[in-house]
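The values are calculated or read from the model by the stated rules, or taken from the named source; none is laboratory data. Not measured: the values here are computed from a predicted model. Backbone-built Cβ (ideal geometry, glycine too); neighbour counts: all protein chains shown.
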Amino acid sequence: MPAPPSVLLRDPNSPRHTAALLRALFAHLKDGLAKLPEPAAFDYVSLPTLPVPTPKLIFQTILSAIQREFVAQSEAEGLPQKDEHIVPFHTRVDETFESFEGKFCEAIRLRAKGNVSRYKLCLVIEQPSRIRDLWPDSVLSGFLRLSDTLKARRLLPGRVTLMFVSELPWHHFRHPDGTIASNGPDEIHFQDLTKDEMVASLKLNHTHLWNDWNEATAMDPSLPSISEQRFSSLYSNFCEYAFTSFRAQNRDVVELQLLCAATWHVFLVPIKTGEVKATSFQVLLSHVRQYIRDALTRLHSRELSPREWISASIQAATSESLQRMSEASVPSSSKNPSDSLVDVLERDAYMHDETRPRRVDTSRGKRKVILPEEVSVPTLPRNSALLLVAAFMACYDPPKQDLIRFGRRESSMSPAKKKKGGATAKARASAATEGQKDNLKRPQLVGPRAVLLERILSIFQVLLNESMPDREAEGDLVQQTEMDEEEVAERSARVLTRKENTERMSRSAAIFQEIKSMIAQRFLLTSSKTNELTGMTVQVNITYEVAQSLAKRENVKLEDWLDDWRELYQ
């Protein structure tokens, strides 16, 4: 039965795995056809675009594969071979597709032994999205016209099928000049997997990982024992967290399974060392987050093989766990401050200790709490850092202050002269308002509130413009009057362009991708669906010290933007 000349298998979940399944299916089909009473010849050739980038190498790969099958079949049947059949076809092919067409038809007739109706060939092109970057236009167009070419050379139609396996639809396969081949392939679209289905696929490794844990505990009795039910619950929760962490950077379900299984071994390290119990899921997550980011950097890019990455990460995680255990045995007075949950609570108690030495603010007659100088701050890109700072401001500042604090004129005053948005500098606290800082309903004491994502993006847009290194500060009235009209117009145009650029950037897809990434890393918390950004409510999950350090890195004075926050810490 004739087959379609070209087919696109569009698999958004795992095209690489689909290509591997095709190879296994074709190998099984080939063995089955060879065992029929009237054997039929069937060949398939895999063409990965990266290892086979040039036309001559493509043609040689196809012709040599067909001839190898012919030689193998002749040897199996014990038939004598003619000398001209032994000469490889690919030694006489050049870069042109016309040269390949003649050799290709000759190879098919030779392989089918004259009975072309009993022969079928499938050409499977893997990673076809790289075709436009590597293959000349004539090669793809020639392959799509291959059925008509064979018909013109008096070969039966439907003998050769070209198969593409990709996660992209056909309209993305454009030539560098912007055109699309008119005679595109028939498309078979595999349905996208839902989040629950993807997480369920990650949980398929549960039995294998449970057996590995049992073998490890049998070999080392010092390891803590975990029931299968507890292990299953722990792995199920970890799979959901791993999916949210890796999904933003990777959509291949097989690759997600690899990343999840690799980081799971590191996730278990604090349990093996006895530092953390299996019931403390959030504490275990806090230790594995850096390795999840490292897996995206080095394992996903194959800078290291999975075995090498797992070995190196387990060794590093074990050393860190033992170091934390040794530090935990030291008296609390000699510990260095960090941003773990336990250390933050200890630091808060330390700050409220009335026996601590405090320095006196001579200008206001108040005692100042000396904040810790060493704060562990995560390494984040500029936009992510500003987003976290904007989220911190939005979660602690009352919404009614937004117009005063973040309202912008055409050009903002320098913070040394005025507050952001044109608000006047804070007046000295009077005796009537002096006791208001002890109000237990203050946001600093109650904690961050959940705010709309749109409010965070609006504040982020202001911070993005204020933190630009090339931002021009507004001069005083005398300097403005000294400018001529052309200078004023040119400056106004630059300010307007900068505002348009920052507004466009603050609503770009890259920013929303970074927001999803920070939600996955638990820098931001949300109870909304991450695939619906409209109306999403977000809550910040960092301390004031971390937000202040991030703000200083990006040239933002956090205390000038927060509502009466300075009263608590000075």
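Among residues of segment 279-292 that are farther than 11 Å from residue 237 by Cβ and in contact (Cβ under 8 Å) with a residue 24 or more places away in the chain, those with a Cβ under 6 angstrom from a residue that is among the polar types (S, T, N, Q) and part of a helix (DSSP H, G or I), sequence gap 6+ or separate chain, pair up as 291/263; 291/313; 292/245; 292/263. Remark: pairs (first residue in segment 31-43, without any contact (Cβ under 8 Å) to a residue 12 or more places away in the chain; second residue surrounded by 10 or more Cβ atoms within 10 Å (Cβ to Cβ) and not aliphatic (A, V, I, L, M); Cβ separation under 6 Å; 6+ apart in sequence or on different chains) = 33/42. In the set (1) modelled with pLDDT of 90 or more; (2) of a type outside the set (Ser, Thr, Tyr); (3) touching a helix residue (DSSP H, G or I) at 6+ places or on another chain (Cβ under 6 Å), the condition left unmet by residue 271 is number (3).
Conditions tested, residue by residue: (1) in contact with a strand residue (DSSP E or B) (Cβ under 6 Å, 6 or more places away or on another chain); (2) more than 30 Å from residue 248 (Cβ to Cβ); (3) in a strand (DSSP E or B).
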| residue | (1), (2), (3) |
| --- | --- |
| 3 | yes, yes, no |
| 8 | yes, no, yes |
| 18 | yes, no, no |
| 28 | no, yes, no |
| 36 | no, yes, no |
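Of the residues making up segment 136-149, those that are at pLDDT below 80 and either under 28 Å from the mean Cα position of the chain (by Cα) or not in a helix (DSSP H, G or I) (or both) number 1.
Can you name every residue in segment 284-309 that is in a loop (DSSP other than H, G, I, E, B) and in contact with a helix residue (DSSP H, G or I) (Cβ under 6 Å, 6 or more places away or on another chain)? Walk me through it before giving the result.
Of all residues in segment 284-309, those in a loop (DSSP other than H, G, I, E, B) come to 300-305.
Matches in segment 284-309: 304 only.
Of all the residues in segment 537-553, those that are surrounded by 18 or more Cβ atoms within 10 Å (Cβ to Cβ) and either over 21 Å from residue 522 (Cβ atoms) or hydrophobic (A, V, I, L, M, F, W, C) (or both) number 7.
For the structure I just gave you, tell me whether residue 528 is assigned to a helix (DSSP H, G or I) and either at pLDDT 70 or above or in the same structural domain as residue 397 (by TED's automatic domain parsing) (or both). No, not satisfied.
So that you can scan it fast, the table gives a plain yes or no per residue for (1) over 36 Å from the mean Cα position of the chain (by Cα); (2) at pLDDT 85 or above:
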position: 22; (1), (2): no, yes
position: 39; (1), (2): yes, no
position: 51; (1), (2): no, no
position: 58; (1), (2): no, yes
position: 67; (1), (2): yes, no
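So which residues in segment 112-133 are assigned to a helix (DSSP H, G or I) and at pLDDT 80 or above? 128 - this is the single residue of segment 112-133 that is assigned to a helix (DSSP H, G or I) and at pLDDT 80 or above.
Suppose we filter segment 262-318 for residues that are of a type in the set (Asp, Glu) and loosely packed, with under 15 Cβ neighbours inside 10 Å; how many remain? Lay out the reasoning, then the answer.
Residues of segment 262-318 that are of a type in the set (Asp, Glu), as a first pass: 275, 294, 303, 308.
Adding the requirement that they be loosely packed, with under 15 Cβ neighbours inside 10 Å leaves 303, 308.
So the count comes out to 2.
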